[in-house]
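Asker: I'd like to ask some things about the structure below.
The values are calculated or read from the model by the stated rules, or taken from the named source; none is laboratory data. Please read these numbers as outputs of a predicted model, since none were measured by experiment. Note: ideal-geometry Cβ built from the backbone for every residue, glycine included; neighbour counts use all protein chains shown. The protein model used for the area step is the full one, side chains on, heavy atoms only, and it has no ligands, DNA or RNA in it. Shrake-Rupley method; radii C 1.70, N 1.55, O 1.52, S 1.80 Å.
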2 protein chains.
Amino acid sequence: MRDAIRLATKNVKSGKGGPFGCVIVRDGEVIARAVNRVTALNDPTAHAEVMAVRAACKKLNDFQLEGCEVYTSCEPCPMCLAALYWARCSAIYFGNSAQDAADAGFDDSFLYEELKRPLQERRIPISRLLAEEAIENFDVWRASAQRVDY
Amino acid sequence: MRDAIRLATKNVKSGKGGPFGCVIVRDGEVIARAVNRVTALNDPTAHAEVMAVRAACKKLNDFQLEGCEVYTSCEPCPMCLAALYWARCSAIYFGNSAQDAADAGFDDSFLYEELKRPLQERRIPISRLLAEEAIENFDVWRASAQRVDY
């Protein structure tokens, strides 16, 4: 965790991104280290945890991170938390809270509240279209002989 | 939306990934098209919406997608929904629901429920460490002259 915190501070001082760092460890070995690169890469998904998950999966040549522990300098936002669930990591440790992040001007707490709201009360308008046609996607998936479940 | 649905079906038939496609449009012009590439790229974050956001931001050379409409073949999972919020797109349209995805074996509905739970009730253990040291990250951020807010 101390490493993740140091990475975050260093990232701000270098002017390359937000105050967030993440380290992924398996069996006591560091698999990946990453920092927030949103503005440097023009990629709003380039949060430290997402970057670390991508790097760790690349290193392990797998799309899952079973047995891996994630040390992140701040409580994961909903995007990152869900990414860690999709990666199926084994444990998550964080330093700052989502409220600390909100106090520093980040949207983390707002996003947690927003995701709990019914669709029609969301800040970004969201609605459903062509449901009868879309369901074909899952029919094809269920019938597919080549599918790789994840 | 019809384009996003077609992309999803084509993706399954090609054996390259899950039944998900996404198209991002601005002022009637298609900015990006993408499909799920989780298993093909060994990247659990490579959902169609995340891939489309990355491609659209690269094309527009920006870390935000103001004025962009997102057409996705399935209701975004929490990772993708939060990614669309971080990208600040203007509207979201989806075909299949999170329940349809759950019926086909995907974790979307589970993740929405999981994110509502308090930390101590979550499936993946999550806990806080070194909070007193971590807060330095935001102190440095607030004081930084080179920071780019996002």
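Asker: List, shortest first and in nm to one decimal, how far the label point of A:Gln146 (7 Å from Cα along Cα→Cβ) is from its counterparts in the other copies.
Answerer: 4.7
Asker: For B:Leu60, what is the net charge nearby, where nearby means another residue's Cβ is under 14 Å from its Cβ and Lys, Arg count +1, Asp, Glu -1?
Answerer: -1
Asker: Averaged across the residues of B:91-98, what count of C-beta atoms belonging to other chains lies within 10 Å of each residue's C-beta?
Answerer: 6
Asker: Considering only the label points, 7 Å along Cα→Cβ from Cα, what distances in nm to one decimal separate A:Ile124 from the same position in each other copy, shortest first?
Answerer: List, nearest first: 2.1 nm.
Asker: Separate question: Could you check what % of the DSSP bridge pairs in the range B:16-131 are antiparallel, to the nearest 5?
Answerer: 70
Asker: Calculate how many DSSP beta bridges within the protein assembly as shown are antiparallel, expressed in % of all such bridges and rounded to the nearest 5.
Answerer: Beta bridges within the protein assembly as shown, antiparallel portion: roughly 60 percent.
Asker: Can you give the mean number of other chain Cβ atoms that lie within 10 Å of the Cβ atoms in peptide A:141-148?
Answerer: 5
Asker: Of the residues A:Ala32, A:Ala40, A:Ala131, which exhibits the maximal mean-square fluctuation in a Gaussian network model of chain A defined by a 10 Å Cα contact cut-off?
Answerer: So, out of A:Ala32, A:Ala40, A:Ala131, the one fluctuating most is A:Ala131.
Asker: Could you give, in nm with one decimal, how far B:Gly105 is from each other copy of that position, shortest first, with labels 7 Å out from Cα toward Cβ?
Answerer: Label point to label point, same position, other copies: 4.6 nm.
Asker: Starting from the 7 Å offset along Cα-to-Cβ, what nm value, one decimal, do you get for the label separation of B:Glu113 and A:Ala55?
Answerer: 3.5
Asker: Which of B:Asp108, B:Asp62, B:Asp139 moves most in a GNM of chain B, Cα contacts under 10 Å?
Answerer: Ranking B:Asp108, B:Asp62, B:Asp139 by mean-square fluctuation puts B:Asp139 first.
Asker: Can you give the helix-only mean residue ellipticity at 222 nm for chain B, where every DSSP H stretch with n ≥ 4 adds -39500 (n - 2.57) and the sum goes over all residues, rounded to the nearest 500 deg cm²/dmol?
Answerer: Result for chain B: -11500 deg cm²/dmol, rounded to the nearest 500.
Asker: Cross-link list B:Lys16/B:Lys116; A:Lys116/B:Lys10; B:Lys13/B:Lys116; A:Lys16/B:Lys59: which exceed 27 angstrom alpha carbon to alpha carbon?
Answerer: Check vs 27 Å cut-off fails for B:Lys16/B:Lys116; A:Lys116/B:Lys10; B:Lys13/B:Lys116.
Asker: Follow-up. The range B:21-44 to the range A:33-109: how many Å between their Cα centroids?
Answerer: 21
Asker: Could you report the protein assembly as shown's accessible area per residue, 1.4 Å probe, as an integer in Å²?
Answerer: 41
Asker: Using label points projected 7 Å from each Cα along Cα→Cβ, tell me how many nm separate B:Asp139 and B:Ser90, to one decimal.
Answerer: 4.3
Asker: Per 10 Å bin, what percent of the C-alpha pairs of the range B:1-146 does each bin hold, from zero upward?
Answerer: All Cα pairs, binned at 10 Å, distribute as 11, 34, 29, 19, 7, 0 percent.
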